[in-house]
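First comes the structure, then the notes that go with it.
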Amino acid sequence: MTSPVKLNFKIYQGSTFKEVLRWESSTKTYKPITGISQNAPCTIDCAGHGLTTGWRFKVSNVKGMKEINSSEYYIGTADTADVVSINSLNSLDYSAYVSGGVVEYNTPVDLSTMTARMQVREKLDSVGTILELTTENGGIIIDNTAKTITLTISAAATALLTFSSAVYSLELVKGVEVTPFATGTLTLIKEVTR
């Protein structure tokens with residue numbers, strides 16, 4: 001059984017709450033790099049990289065432009081199937097790319113046949129729910145192309161919330177298999193402008 005990730009969120013009363021989540025498998029994908037620009041933003045030529053926009057990845061074993069090698073993750077924009085850019089990275093002053101290197105990332109989990117459900121309660125043992133988000137009621141959108149799970153609570157719904165702190169759990173469902181995906185607390189930040 002998979003242990004859920006612990007994620008705590010803040011909800012701003014009277015504002016739309018939106019969180020985009022991604023599910024990484026433990027399987028690594030490695031794609032060879034054929035070029036890196038000295039540019040702002042930095043772009044990486046990597047045929048058939050398989051990344052979606054917003055997916056995190058590392059760059060390692062690059063010769064020449066060693067400044068880009070990192071144990072930290074970059075967040076990429078998939079410009080094309082063969083080019084990914086790192087908007088937060090200015091590589092103008094980096095050494096020139098010579099050869100080699102790989103883009104490394106955790107392979108996304110296939111979300112194509114999944115649904116999701118999330119309940120919010122004041123306390124873990126509370127009988128009643130404060131909110132319920134599901135793929136059926138539109139509170140959770142699963143996009144298998146972008147590999148995202150988007151949680152949304154409308155501004156009208158958050159305006160009605162009165163709790164200070166609450167707990168939630170998010171489950172992903174595939175057939176009869178239920179996976180606990182995330183759990184944590186929600187803190188309500190009271191609205192000033194209303």
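The values are calculated or read from the model by the stated rules, or taken from the named source; none is laboratory data. What you are looking at is a predicted structure, and each value in this text was computed from that prediction instead of being measured. Using ideal geometry, Cβ is built from the backbone for each residue, glycine included, and neighbour counts are taken over all protein chains shown. For the accessible areas, the whole protein counts, side chains as well, though only heavy atoms, and no ligand, DNA or RNA atoms are used. Shrake-Rupley method; radii C 1.70, N 1.55, O 1.52, S 1.80 Å.
So in the chain, what percent of DSSP beta bridges are antiparallel if you round to the nearest 5?
90 percent
Whole-Hz Karplus ³J(HN,Hα) for region 38-48, in order, using 6.51 cos²θ - 1.76 cosθ + 1.60 and θ = phi - 60°, x for Gly and Pro?
Couplings: 9, 8, 10, x, 6, 10, 10, 8, 8, 4, x Hz.
Counting only protein heavy atoms and a 1.4 Å probe, tell me what percentage of the chain's accessible area is made up of carbon and sulfur.
On the way: 5440 of 10470 Å².
Carbon and sulfur: 52 percent of the exposed surface of the chain.
Quick one: what are the phi-derived ³J(HN,Hα) couplings along region 159-166, Karplus 6.51/-1.76/1.60 with θ = phi - 60°, whole Hz, x for glycine and proline?
5, 8, 6, 10, 5, 8, 9, 9
Grab the DSSP H runs of the chain that are 4 residues or longer, score each as -39,500 (n - 2.57), total them, divide by all residues and round the 222 nm result to the nearest 500 deg cm²/dmol.
Details: 1 runs with 5 residues, N = 194.
It lands at -500 deg cm²/dmol.
When the chain is modelled as a GNM with alpha-carbon springs shorter than 10 Å, which of Leu170, Leu89, Leu160 fluctuates the most?
Evaluated over the chain, the most mobile residue of the options is Leu160.
Students often forget the sequence filter, so: which lysines lie under 16 Å Cα-Cα from Lys63 once same-chain residues fewer than 8 apart are removed?
Lys31
Taking a ≥ b ≥ c as the square roots of the Cα gyration tensor eigenvalues, with a/c under 1.5 meaning rounded and otherwise prolate when a/b beats b/c, else oblate, which class fits region 1-59?
oblate
Taking H placed 1.01 Å from N in the peptide plane, check which residues at least 5 places from Met65 or on another chain put their amide H under 5 Å from its amide H.
Here the answer is Tyr97, Val98, Ser99, since their amide H atoms fall under 5 Å of that of Met65.
Skip the ligands, DNA and RNA, and give the accessible area per residue of the chain with a 1.4 Å probe, whole Å².
With the other protein chains kept in place, the chain gives 54 Å² per residue.
Can you give me the C-alpha center-to-center distance between region 33-57 and region 87-144, rounded to a whole angstrom?
Computed from Cα coordinates, the inter-centre distance equals 20 Å.
For region 21-37, just list the computed ³J(HN,Hα) in residue order, Karplus coefficients 6.51, -1.76 and 1.60, θ = phi - 60°, integers in Hz, with x standing in for Gly and Pro.
In residue order, the calculated couplings are 10, 9, 10, 9, 7, 7, 7, 8, 10, 10, 10, x, 8, 10, x, 9, 7 Hz.
For Ile11, which sequence-distant residues (separation of 5 or more, or a different chain) have an amide H within less than 5 Å of its own amide H, given hydrogens modelled in the peptide plane?
Distant-sequence amide H within range of Ile11: Thr187, Leu188, Ile189.
With each label point set 7 Å from Cα along the Cα-Cβ vector, what nm distance links Glu67 and Leu160?
Roughly 5.3 nm, to one decimal.
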